[in-house]
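Notes follow the structure.
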2 protein chains.
Amino acid sequence: MLPALSRRLVLMGALLLPLLGRRPARARPALSALPSAPPSGMPPDPLPSWSPGPSRERILSFLHAVTTPGSPQFVPADERIAVFDNDGTLWSEQPMYVQLAFALDRARALGVAVDRDDLMARGNAALLDLLTRTHTGMDTEAFAALVRRWLAEARHPTLRVPYTALAYRPMLEVLAAFRAAGFRTWIVTGGGLDFVRVFAERLYGIPPEQVVGSSVVTRYEDSGDVPRLLREPRLEFLDDGPGKPVGIHRAIGRRPIAAFGNSDGDLAMLRWVTSGPGLRLGMLVHHDDARREVAYDRSSPFGRLDRGLEEAPKRGWGLISMREDWARIYAGSEGP
Amino acid sequence: MLPALSRRLVLMGALLLPLLGRRPARARPALSALPSAPPSGMPPDPLPSWSPGPSRERILSFLHAVTTPGSPQFVPADERIAVFDNDGTLWSEQPMYVQLAFALDRARALGVAVDRDDLMARGNAALLDLLTRTHTGMDTEAFAALVRRWLAEARHPTLRVPYTALAYRPMLEVLAAFRAAGFRTWIVTGGGLDFVRVFAERLYGIPPEQVVGSSVVTRYEDSGDVPRLLREPRLEFLDDGPGKPVGIHRAIGRRPIAAFGNSDGDLAMLRWVTSGPGLRLGMLVHHDDARREVAYDRSSPFGRLDRGLEEAPKRGWGLISMREDWARIYAGSEGP
């Protein structure tokens with residue numbers, strides 16, 4: 001996960017990000033304004049936090065087309081697989097990756113505190129050192145316990161809520177709508193596989209076996225009372241950029257038919273998914289809401305969406321405007 | 001997959017294996033003789049090809065205990081995961097691994113025929129060369145198409161049936177019984193991930209995303225009209241021996257509660273699975289039926305079960321006697 005993280009690390013000095021503002025949730029669209037009937041098996045309005053508009057319509061039309069028997073675009077249930085990036089797509093990546101906040105806190109707890117600005121100045125080697133110190137050298141169960149405890153206690157630096165409150169409510173609705181339409185929903189993250197697994201089931205309803213992510217080498221050891229899987233200080237797989245189709249193939253073995261991302265690190269995944277035969281859906285979350293979240297795209301080295309803004313119209317991918325398309329943003333901070 | 005294959009390669013000279021004999025299937029046990037009531041949701045006799053005895057009883061008792069609400073050993077549905085080795089556990093590995101037969105046929109089709117005895121004499125380097133020539137240098141879809149076509153046409157050298165007819169009927173029943181009890185069933189094979197995926201769904205009802213196996217490096221390429229995943233001539237992961245718990249963790253992320261294998265290459269998997277808390281099931285298929293299949297264990301470098309015969313009683317694992325426990329052997333050759 002190093003190149004991706006470090007690319008974005010530059011912006012971390014920019015912690016002078018505007019406080020994440022809020023505005024009142026817009027009223028839900030009337031049911032009569034729904035652009036497409038939801039697929040059978042779904043509630044009448046499966047996307048209540050979405051404003052009427054092309055993004056909402058596109059998602060519902062896609063689900064309707066692939067699940068309607070007799071539709072020329074009907075897809076059998078076993079081929080209904082949808083993949084979702086995590087950071088910036090399912091939850092906030094501002095003011096820094098949640099996993100990086102974990103690493104910094106963990107370093108502090110270990111008595112080897114790292115200064116964020118200093119880390120940025122020292123580049124890749126320092127970041128690798130931080131991840132090695134904080135993410136390896138223990139067994140898989142001990143690591144999961146560390147993450148679980150940290151998530152329960154840590155608070156977002158400005159919003160003062162648990163990080164898990166910063167899942168995007170509209171995307172939780174998308175996950176639920178896809179599952180109601182018979183899809184298996186997968187996370188395909190540049191973040192750590194064993195980090196994301198700790199909260200994916202509770203937060204997103206996605207079980208550990210449907211998470212694809214970056215990983216370190218693990219080694220099986222059976223010398224003590226019980227066998228263990230030890231996390232070694234060596235990167236095994238970087239699930240970002242061109243790594244995402246590779247990770248998808250290894251874990252899923254079938255090409256998904258829908259993909260959601262938010263940065264240039266997701267473009268290979270969207271391309272792989274949408275270049276297969278039949279109806280496909282590729283969507284990019286565009287962080288254009290400076291009032292309720294943070295507005296960033298082309299010029300941001302952190303969660304950068306640059307090439308994607310060019311490619312989206314050429315490839316037929318949809319851009320989700322957080323400002324226009326989402327009536328609510330967060331799962332936990334604005335009430336149901 | 002090299003060390004494991006080559007270890008076993010030595011025996012391949014022993015192609016003078018007895019013709020796989022058959023004997024009439026024993027009568028099904030009367031329902032009244034069932035040692036345990038099957039879990040609810042299952043047919044009255046979920047294991048009709050199993051003879052009454054400790055193995056059958058143990059499997060049914062396990063399923064009953066973990067699925068009975070209120071039972072002290074009850075396991076919630078999302079934790080019900082069972083893993084199965086493939087070669088020698090779900091289908092025959094005699095007179096050689098099916099995947100090796102594919103490699104030899106493929107080499108012949110490419111005009112670089114390899115003599116089996118010669119291959120054995122030349123050892124690891126020759127085997128690596130064979131696998132590189134026959135399994136890499138194409139994209140993932142082309143490879144799957146090659147395997148699919150080969151499986152449709154190839155015939156077992158002595159039985160003259162498609163290899164897929166040599167799945168073990170009793171194990172197909174076990175897979176179905178576990179699924180009826182709410183389990184997800186996974187293959188964890190030392191063989192090639194993308195080889196086994198081609199037939200796992202049709203033959204075993206196991207979808208591609210529930211196969212864990214050995215893999216070569218794949219590379220994402222998007223330079224032509226459509227993106228491709230290219231199979232590179234480099235081993236990525238050997239899913240055998242201590243690799244099995246590692247592969248299980250990476251793909252599943254949760255410790256399974258039941259495991260079936262047949263060779264020393266499965267012992268780390270059984271140990272990992274059965275050393276977790278709560279009721280666990282570890283079973284080893286013992287190839288002791290010289291009349292209907294091939295009898296081999298300790299002295300066989302191919303599918304060797306040596307250390308496992310010592311460990312099974314110490315670890316509380318069950319040994320399945322093909323001769324005593326299985327009333328029928330094959331899925332395809334003896335009729336329903």
A:Leu267 being more than 8 Å from chain B (Cβ to nearest Cβ) and either under 21 Å from B:Leu229 (Cα atoms) or in a strand (DSSP E or B) (or both): yes
Output for Cβ contacts, cut-off 6 Å, separation at least six or different chains, first residue aromatic (Phe, Trp, Tyr) in the range A:165-184, second not in a helix (DSSP H, G or I), reads A:Phe178/A:Ala82; A:Phe178/A:Thr185; A:Phe183/A:Arg80; A:Phe183/A:Ala82
**Message:** Residue under question is A:Lys314, and the condition is that it be more than 30 Å from B:Gly276 (Cα to Cα), open to solvent by 30 Å² or more (accessible area, probe 1.4 Å) and among the charged types (D, E, K, R); does it hold?
**Reply:** yes
**Asked** Is there a residue in the range B:123-130 that is touching a Pro at 6+ places or on another chain (Cβ under 7 Å) and either hydroxyl-bearing (Ser, Thr, Tyr) or open to solvent by less than 30 Å² (accessible area, probe 1.4 Å) (or both)?
**Response** no
Those residues of the range A:270-298 which are open to solvent by 10 Å² or more (accessible area, probe 1.4 Å), of a type in the set (A, V, I, L, M, F, W, C) and either within 23 Å of A:Tyr330 (Cα to Cα) or more than 14 Å from every other protein chain (Cβ to nearest Cβ) (or both) amount to A:Leu279, A:Ala290, A:Ala295
Going through the range B:270-293 in order, the residues found to be assigned to a loop (DSSP other than H, G, I, E, B), on the phi < 0 side of the Ramachandran plot and not acidic (Asp, Glu) are B:Ser275, B:Gly276, B:Pro277, B:Leu279, B:Arg280, B:His287, B:Ala290, B:Arg291, B:Arg292
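Quick check, is B:Phe178 crowded, with 22+ Cβ neighbours inside 10 Å, in contact with a strand residue (DSSP E or B) (Cβ under 6 Å, 6 or more places away or on another chain), of a type in the set (Phe, Trp, Tyr) and within 14 Å of chain A (Cβ to nearest Cβ)?
no
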Next on the checklist: I'd like to know if the range B:141-155 contains one or more residues that are within 12 Å of chain A (Cβ to nearest Cβ), open to solvent by less than 30 Å² (accessible area, probe 1.4 Å) and either out of contact with any helix residue (DSSP H, G or I) (no Cβ under 7 Å at 6 or more places or on another chain) or of a type outside the set (Gly, Ala, Ser) (or both).
Outcome noted: yes
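Hey, does the range A:237-245 have a residue that's acidic (Asp, Glu), assigned to a loop (DSSP other than H, G, I, E, B) and either within 9 Å of another protein chain (Cβ to nearest Cβ) or more than 22 Å from A:Glu93 (Cα to Cα) (or both)?
So far as the range A:237-245 goes, no, none of its residues is acidic (Asp, Glu), assigned to a loop (DSSP other than H, G, I, E, B) and either within 9 Å of another protein chain (Cβ to nearest Cβ) or more than 22 Å from A:Glu93 (Cα to Cα) (or both).
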Yes/no for B:Thr189 being of a type outside the set (Gly, Ala, Ser), more than 9 Å from chain A (Cβ to nearest Cβ), open to solvent by less than 30 Å² (accessible area, probe 1.4 Å) and outside any helix (DSSP H, G or I)
yes
Flagged in the range A:216-234 as within 8 Å of chain B (Cβ to nearest Cβ) and either open to solvent by 20 Å² or more (accessible area, probe 1.4 Å) or in contact (Cβ under 8 Å) with a residue 24 or more places away in the chain (or both), in numbering order, are A:Thr218, A:Arg219, A:Tyr220, A:Asp222, A:Val226, A:Leu229
Taking the range B:80-121 and the residues there that are charged (D, E, K, R) and open to solvent by less than 50 Å² (accessible area, probe 1.4 Å), the one that is modelled with the lowest pLDDT would be B:Glu93
Taking the range A:248-264 and keeping only residues that are in contact with a Gly (Cβ under 8 Å, 6 or more places away or on another chain), within 10 Å of another protein chain (Cβ to nearest Cβ) and surrounded by 24 or more Cβ atoms within 10 Å (Cβ to Cβ), one is left with none
If we keep only residues of the range B:200-222 that are of a type in the set (A, V, I, L, M, F, W, C) and farther than 25 Å from B:Gly182 by Cβ, then the residue nearest to the chain's Cα centre (by Cα) is B:Val216
The residue from A:Ala258, A:Ala200, A:Ala268, A:Ala251 that alone is hydrophobic (A, V, I, L, M, F, W, C), over 30 Å from A:Glu310 (Cα atoms) and modelled with pLDDT of 95 or more is A:Ala200
**Q.** Hey, A:Thr136 touching a residue at least 12 places away in the same chain (Cβ under 8 Å), out of contact with any helix residue (DSSP H, G or I) (no Cβ under 7 Å at 6 or more places or on another chain) and more than 22 Å from A:Gly265 (Cα to Cα) or not
**A.** yes
Exactly one of B:Phe195, B:Phe199 is open to solvent by less than 50 Å² (accessible area, probe 1.4 Å), without any contact (Cβ under 8 Å) to a residue 60 or more places away in the chain and more than 8 Å from every other protein chain (Cβ to nearest Cβ), and that residue is B:Phe199
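The values are calculated or read from the model by the stated rules, or taken from the named source; none is laboratory data. This one's a predicted model, so the numbers in the text were calculated from it and none came from an experiment. Note that each Cβ is placed from the backbone with ideal geometry, even for glycine, and that neighbours are counted across all protein chains shown. Ligands, DNA and RNA are excluded from the accessible area calculation, which covers all protein heavy atoms including side chains. Shrake-Rupley method; radii C 1.70, N 1.55, O 1.52, S 1.80 Å.
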